[in-house]
1. Could you please find all residues in segment 1-42 being part of a loop (DSSP other than H, G, I, E, B), among the hydrophobic types (A, V, I, L, M, F, W, C) and surrounded by 11 or more Cβ atoms within 10 Å (Cβ to Cβ)?
2. Give me the pairs: first residue in segment 1-29 and more than 22 Å from S41 (Cα to Cα), second residue modelled with pLDDT under 90 and assigned to a loop (DSSP other than H, G, I, E, B), beta-carbon distance under 7 Å, and six or more apart or on different chains, which are they?
3. Look through Q52, Q43 and report the one residue that is modelled with pLDDT of 90 or more and within 12 Å of the chain's Cα centre (by Cα).
Amino acid sequence: MPELPDVEVFKQYFNATALNKKVAEVDVLDEEILVNMSSCSFQMRMKGGTFQATMGSIGSFSWTGKKPL
């Protein structure tokens, strides 16, 4: 489990390299982390969209806002 400073470093890296770029491919490595959604549904919803911002973190998880297609 990453520590909080690691999550912040990842957030900074994500902001510098992935924001406003089109999602070309989605790999789900652990389907158990998805709630009420199959990996196929998640991949279909994510592919082609863009991330607008990193919004925060809780423990070792961080999340982003995705712009719809």
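1. Of everything in segment 1-42, those that are part of a loop (DSSP other than H, G, I, E, B), among the hydrophobic types (A, V, I, L, M, F, W, C) and surrounded by 11 or more Cβ atoms within 10 Å (Cβ to Cβ) turn out to be A18, V23, V26, V28, L34, M37.
2. Going by the 7 Å Cβ cut-off, the qualifying pairs are M1/S60; P2/S60; V7/S60.
3. Numbers: Q52 fails: modelled with pLDDT of 90 or more.
When all the criteria are applied, what remains is Q43.
The values are calculated or read from the model by the stated rules, or taken from the named source; none is laboratory data. Note that the structure is a prediction, hence the values are computed from the model and not measured. Reconstructed Cβ throughout: ideal geometry from the backbone, glycine too, with neighbour counts over all protein chains shown.
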